[in-house]
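Here is the structure we will look at.
The values are calculated or read from the model by the stated rules, or taken from the named source; none is laboratory data. Fair warning: this is a prediction, and the values are worked out from it, not measured in the lab. Counting neighbours? That spans all protein chains shown, and the Cβs are built from the backbone with ideal geometry, glycine included.
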Amino acid sequence: MTIDRVFVAGAGLMGHGIAQVYAVIGKQVTLYEPDLARAVAGRERIAGNLERAVAKGQLDAAARDETLARVRSTNRLADVSDAGLVIEAVFEDLGVKLALWSELDQHAPSAAVFASNTSSIAIADLAAAVSEARRPQFVGLHFFSPVPVMRLVELIRSVDTDDATEAAIRALVAELEAHGRERDGAKPWVMIVSADRPGFIVNRILMPFLAEAMRALAEGLGSADDIDTGAKRGLNHPMGPLELADFIGLDVCLGVMRVLHTGLGDERFAPPRLLEELVAAGHLGQKSSRGFHTYPR
């Protein structure tokens, strides 16, 4: 099964990055938001990313123009009608995702593969929004931010996902890996496979680590700078846990921790009170200029 057209629902941080990597390897990509201005802004962020790659000598001007020409913005869900792959990359909220998938199910071709970029919600729960006939074609496809740089994706099969759907996703990741190897020599794309459990592999490991750093800060064990420096130097991490939480978005971390805590019933995954307080105050990390650290606007 060859997939040439990709529909990405959600043009934010994750969505525009996913759209970019597929456009780079020659796919025709439609970037959707219900507000057209947000879809256009997502395409403009792709343009900015490509322009920076040209400035660094990683991409030539012709390839930049060809890639951007393969991305179009829309606010019409009906434009999913020719897609071979539909990727949902909206906020980590079960209700929002279910409503969107229900609508997409009505417009997408019967053969289209459905993939959610959820970072924590069980794929079987999301697949419940689509028809029973569609569920074998529903899979989790979790990318990491920033998508063009991280080059890791988690594949999550639900109990209903069939082998043909997994094979189609593996082929697409192989295309990403082959293109990256040929064009820029950077680290290769890697796919890991997770069981359909809350948080999957990476966030199942990561969120308790971030939460413990937050609790240590709240208890006065050390300053935010000291905790982050300890992890960077002592654990050889490229970014400290509190820095990383700010980069991910504290609201996103809170949402994932709540899913893990509810789904697994283990207090290790409970969101720290300090995190809940910061999110309630609107301090969401880098995107709001303040989280565990402050950032210039």
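In the condition set (1) at positive phi; (2) at pLDDT 95 or above, Asp160 is compliant with all but (1).
For every residue, the table says whether it meets (1) surrounded by fewer than 23 Cβ atoms within 10 Å (Cβ to Cβ); (2) out of contact with any Pro (no Cβ under 6 Å at 6 or more places or on another chain); (3) assigned by TED's automatic domain parsing to the domain that holds Ala19; (4) assigned to a helix (DSSP H, G or I).
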{"site": "Phe114", "(1), (2), (3), (4)": "no, yes, yes, no"}
{"site": "Asp125", "(1), (2), (3), (4)": "yes, yes, yes, yes"}
{"site": "Gly140", "(1), (2), (3), (4)": "no, yes, yes, no"}
{"site": "Ser145", "(1), (2), (3), (4)": "yes, yes, yes, no"}
{"site": "Val153", "(1), (2), (3), (4)": "no, yes, yes, no"}
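Can you name every residue in the stretch 259-288 that is of a type in the set (S, T, N, Q) and within 17 Å of Pro241 (Cα to Cα)? Scanning the stretch 259-288 gives a single hit, Gln286.
Only one of the listed residues (Arg170, Arg157) is surrounded by fewer than 19 Cβ atoms within 10 Å (Cβ to Cβ), more than 19 Å from Pro109 (Cβ to Cβ) and not small (Gly, Ala, Ser). That residue is Arg170. The selection criterion, being buried (at least 20 other Cβ atoms within 10 Å of the Cβ), farther than 22 Å from Gly17 by Cα, in contact (Cβ under 8 Å) with a residue 60 or more places away in the chain and in the same structural domain as Arg45 (by TED's automatic domain parsing), does not hold for Ala164. For Trp189, the criteria (1) of a type outside the set (Val, Ile, Thr); (2) within 25 Å of Ala270 (Cβ to Cβ); (3) in contact with a strand residue (DSSP E or B) (Cβ under 9 Å, 6 or more places away or on another chain) hold in every case but one, which is (2). Checking each residue in the stretch 21-36 for being surrounded by fewer than 19 Cβ atoms within 10 Å (Cβ to Cβ) and of a type in the set (D, E, K, R) picks out only Asp35. Every residue in the stretch 183-212 that is surrounded by fewer than 17 Cβ atoms within 10 Å (Cβ to Cβ) and of a type in the set (Gly, Ala, Ser), please. Hits for the stretch 183-212 are Gly185, Ala186, Ala195. Here Ser119 fits the description: part of a loop (DSSP other than H, G, I, E, B), in contact (Cβ under 8 Å) with a residue 40 or more places away in the chain and either touching a Gly at 6+ places or on another chain (Cβ under 8 Å) or not small (Gly, Ala, Ser) (or both). Only a single criterion out of (1) surrounded by fewer than 22 Cβ atoms within 10 Å (Cβ to Cβ); (2) out of contact with any Pro (no Cβ under 8 Å at 6 or more places or on another chain) is not satisfied by Asp82, namely (2). Could you name every one of the helices (runs of 4 or more DSSP H) located completely within the stretch 213-297 that has at least 2 residues being surrounded by fewer than 16 Cβ atoms within 10 Å (Cβ to Cβ) and modelled with pLDDT of 95 or more? Fully inside the stretch 213-297 and qualifying: 224-229, 273-280.
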